Amino acid sequence: MKAILLVALAATAPAAGIRVGVLALFQPKRLLVSAFEWQIGVERLAPQQPVELIAAGDEVLCRFGGRESRTRRILAGPRITISVPGKIERQYLGELEVTATAGTLTPVIRMDLETAVASVAAAEMPSGPAEAHKAQAIAARSYYAATSRRHGGFDFCDTTHCQLLKDPGPEDAATRGLVLAYQGRVFGAMYFRSCGGETRAAANASAYPYFRVRCEECLRSPHAWTFELPAGEEPPDSEAARLDLARRFGWNRVASNQFTIERRGGAVILHGKGHGHGIGMCQRGAIAMAEAGLDFRSILEHYYPRTSLIR
Ligand SMILES: [Zn+2]
Ligand SMILES: [Zn+2]
């Protein structure tokens, strides 16, 4: 049962957009939320005071101005700051909705697609030349545009499961609305940190086959990693098996599916190259191409062969 609904005033954000579940990794029980404008029940509040939200079973308890309320409907927005006290603070632009389930709060932000794309591009590629950033923004937009909702109470999360999303980054007018298409249809463009010199094909991916692509930057100087498997563990024979190992022993330790196996005595040691699933655009290679003077169209043509850009 979801007792309390929080919705931000859509003063500037349009009603459309995507719904992103945020801060889920923290499984928050308590949040401090500041917004430009609040309405709790029938009351309007001054914007200065943060409102404290506490999960009470399946209800949200709101504390503001020395009072406590379990009002069913709260309005706040459009500029929102949410903090998990002592852990993290983030800013968002959009409408906020918070529900509680079994003592955990679920904050969801409905935001404009372009705001979300800029926030993903800033989070997924925090540094790098402008043209690489544009390529990243187009991949992120294509992913949102072509992927159907992946969660129960919202469309996408803010972790690598969907796409990383942090504070809003600058929107890029030049690529606004551009998405990647294959045979005329937009597809959920995948990307990853770095390859080992070549990206992987994914013929079974539904909307785009992801051809194998050479990556000069990673050929020249690949990200190399070594991991000694704990006793009783076997080298991963699939991406799912790799993710299972990574989940248990650390995301950077079994960084990719490209490795050789060394057996020494009883030990099994993986020597690998690259970081991530290896399908689609290599972010490291994209940055190197942009540094070499190539534009976002050339970068996307390289990592997503036989595609076109449509609006
Ligand atoms: Zn997700
Ligand atoms: Zn690469």
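Here are the numbers for this structure:
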quantity	calculated
Strands (runs of 3 or more DSSP E) wholly inside the stretch 252-311 containing at least 2 residues that are touching a helix residue (DSSP H, G or I) at 6+ places or on another chain (Cβ under 8 Å) and not aromatic (F, W, Y)	307-310
Residue pairs meeting the criteria (Cβ under 6 Å; at least 6 apart or on separate chains; first farther than 16 Å from L300 by Cβ and more than 16 Å from ligand 2 (Cβ to nearest atom), in the stretch 141-158; second small (G, A, S) and in a loop (DSSP other than H, G, I, E, B))	T147/G188
Identity of the residue in the stretch 29-46, charged (D, E, K, R) and in contact with a Gly (Cβ under 8 Å, 6 or more places away or on another chain), that ends up modelled with the highest pLDDT	K29
Qualifying position, being out of contact with any strand residue (DSSP E or B) (no Cβ under 6 Å at 6 or more places or on another chain), in contact (Cβ under 8 Å) with a residue 24 or more places away in the chain and part of a loop (DSSP other than H, G, I, E, B), among E233, E217	E233
Those residues of the stretch 172-208 which are closer than 25 Å to H223 by Cα, surrounded by fewer than 20 Cβ atoms within 10 Å (Cβ to Cβ) and either among the hydrophobic types (A, V, I, L, M, F, W, C) or away from ligand 2 (no atom under 16 Å from the Cβ) (or both), in sequence order	A201, A202
Test: residue in the stretch 9-28 that is surrounded by fewer than 16 Cβ atoms within 10 Å (Cβ to Cβ), on the phi > 0 side of the Ramachandran plot and at pLDDT 70 or above	yes
Hits in the stretch 159-182 - residues which are closer than 21 Å to L300 by Cα, within 16 Å of ligand 1 (Cβ to nearest atom) and in contact with an Asp or Glu (Cβ under 8 Å, 6 or more places away or on another chain)	Q163, L164
Residue match in the stretch 200-211 (condition: more than 16 Å from ligand 1 (Cβ to nearest atom) and either within 29 Å of Y92 (Cβ to Cβ) or not in a loop (DSSP other than H, G, I, E, B) (or both))	yes
W225 being away from ligand 2 (no atom under 14 Å from the Cβ), of a type in the set (F, W, Y), under 23 Å from H161 (Cα atoms) and not in a loop (DSSP other than H, G, I, E, B)	yes
Check on G169, assigned by TED's automatic domain parsing to the domain that holds A145, surrounded by 15 or more Cβ atoms within 10 Å (Cβ to Cβ) and within 19 Å of the chain's Cα centre (by Cα)	yes
Some residue of the stretch 241-255 being within 16 Å of ligand 2 (Cβ to nearest atom) and surrounded by 15 or more Cβ atoms within 10 Å (Cβ to Cβ)	yes
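The values are calculated or read from the model by the stated rules, or taken from the named source; none is laboratory data. This structure is a prediction, so every number in the text was calculated from the model and none was measured. Positions of Cβ are generated from backbone atoms using ideal geometry, with glycine treated the same way; all protein chains shown enter the neighbour counts.
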